[in-house]
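Below you'll find the structure, written out as structure tokens, and then a few comments.
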Amino acid sequence: MADKKDVPKHDVIVVGAGPAALTAAIYTTREDIETLLLERGVVGGLAAVTDKIDNYPGFPDGVEGLTLSDQLRKQAERFGAVIDLGEVLAIHDEGEFKRLETTEGDMLARAVLIATGSDYKKIGVPGEQEFYARGVHYCATCDGAFYRDKKLVVVGGGNSAVQEAIFLTRYASHIDMLVRSTVKASDVLQGELQKFIDDGKVTVHLGTTTNEIVGQDNAVTKVVGIDQASGKKVEFPTDGVFVFVGLMPNSQFLKGSPIDLDKIGFIKTDEDLHTTMPGVFAAGDIRSGATMQIASAAGEGATAALKIREYLEGHL
């Protein structure tokens, strides 16, 4: 470990650069609190790869996820936030400072905000890993255009599955939706989906499991499942599979740390968004009890920034 005198020191380090992180940075930097954001992937997080966000306040016609993410980034940078590429591997409490082990070396911060969000959950069936990015995908806006005039399978029946299936209709010739139980998307999204069902663009298969993704020559050819009503095997010829079955927390770097996680891996906080490590806060989709909405993530980012300011004022 490097001598503390040689380790970069910051007022605040934000782990992640999604809506919660960027909103927090807007608030901290406006109050002249020096802030560094470390992002291991895409600025904007999952919001950046969402085709259209229809429920973020202030955009009556909706807004592209990439556009909203870019505007948040520009606003944070205008007030002085610095966004660097890097991954945090561990966080240690060393009193006045927290030491972050990162891929760019150790860093010290008086306060830390963890806003690493969530990632797409996998279904764990044969073929899923083997054909990842070669027919198996988790982001319609990223990879949908590869399937113009092709057949697709969408796995899932929640809001994200329905929303992404609707997006994929602009490319695919036909979509089979495999839903383990029932469609649980909002009434509005189900109403939109029904239009594509009526015109034959989408077929929804309720009570249908996904048991195997089959392919050859580095390409997916079909999905094998079970019709739970009859117990019979069913097959769906397809050129690609898009999986949308929920989210999992990006908290792997906290396993074994003093920061308490719930049984799924989301970070536990108190009413001030403070974790069990003094000076370390959490906001957005990574937090246990979060609503998994962009608007609430932004609100939590603002709250966390104000609580961080109070914490810093009490520890200077």
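Worth a mention:
- Candidates Ala295, Ala305, filtered to the one that is in the same structural domain as Ile53 (by TED's automatic domain parsing) and over 30 Å from Asp93 (Cα atoms): Ala295
- Output for segment 84-96, where each listed residue is outside any loop (DSSP other than H, G, I, E, B) and either over 27 Å from Arg73 (Cβ atoms) or of a type in the set (Val, Ile, Thr) (or both): Val88, Ile91, His92, Asp93, Glu94
- Selection count, segment 41-65, where residues are touching a residue at least 60 places away in the same chain (Cβ under 8 Å), assigned to a helix (DSSP H, G or I) and aliphatic (A, V, I, L, M): 2
- Number of positions in segment 132-151 that are closer than 17 Å to Pro237 by Cβ and touching a His at 6+ places or on another chain (Cβ under 6 Å): 1
- When residues in segment 267-316 are screened for being of a type in the set (Phe, Trp, Tyr) and crowded, with 21+ Cβ neighbours inside 10 Å, 1 of them pass.
- When residues of segment 183-207 are limited to those that are over 25 Å from the mean Cα position of the chain (by Cα) and among the polar types (S, T, N, Q), the one nearest to Gly231 (Cα to Cα): Thr203
- Some residue of segment 86-104 being among the aliphatic types (A, V, I, L, M) and closer than 18 Å to Phe167 by Cβ: no
- Taken as a whole, segment 64-87 holds at least one residue that is more than 23 Å from Thr276 (Cβ to Cβ) and touching a Phe, Trp or Tyr at 6+ places or on another chain (Cβ under 7 Å).
Here is a yes/no grid of residues against (1) surrounded by 16 or more Cβ atoms within 10 Å (Cβ to Cβ); (2) of a type in the set (Lys, Arg); (3) at positive phi:
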position	(1), (2), (3)
Ser181	no, no, no
Thr210	yes, no, no
Ala229	no, no, no
Gly265	yes, no, yes
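- Test: residue in segment 46-53 that is farther than 15 Å from Thr102 by Cα and at pLDDT 90 or above: no
- Residues that are over 24 Å from Val234 (Cα atoms) and either hydroxyl-bearing (Ser, Thr, Tyr) or touching a strand residue (DSSP E or B) at 6+ places or on another chain (Cβ under 7 Å) (or both), drawn from segment 169-205: Tyr171, Ser186
- Which numbered condition Thr210 misses (of (1) in contact with a strand residue (DSSP E or B) (Cβ under 9 Å, 6 or more places away or on another chain); (2) without any contact (Cβ under 8 Å) to a residue 60 or more places away in the chain): (2)
- Condition check for Gln129: touching a helix residue (DSSP H, G or I) at 6+ places or on another chain (Cβ under 8 Å) and at pLDDT below 95: no
- Candidate set from segment 117-157 (those that are within 16 Å of Ile175 (Cβ to Cβ) and among the β-branched types (Val, Ile, Thr)); member that is surrounded by the fewest Cβ atoms within 10 Å (Cβ to Cβ): Thr141
- Those residues of segment 265-300 which are over 13 Å from Ala115 (Cβ atoms) and touching a residue at least 24 places away in the same chain (Cβ under 8 Å), in sequence order: Asp272, His274, Met277, Pro278, Gly279, Ser288, Met292, Gln293, Ala295
The values are calculated or read from the model by the stated rules, or taken from the named source; none is laboratory data. The shown structure was predicted, so the numbers you read here are calculated from the model rather than taken from an experiment. Quick reminder, even Gly has a Cβ in these numbers, built from the backbone with ideal geometry, and neighbours come from all protein chains shown.
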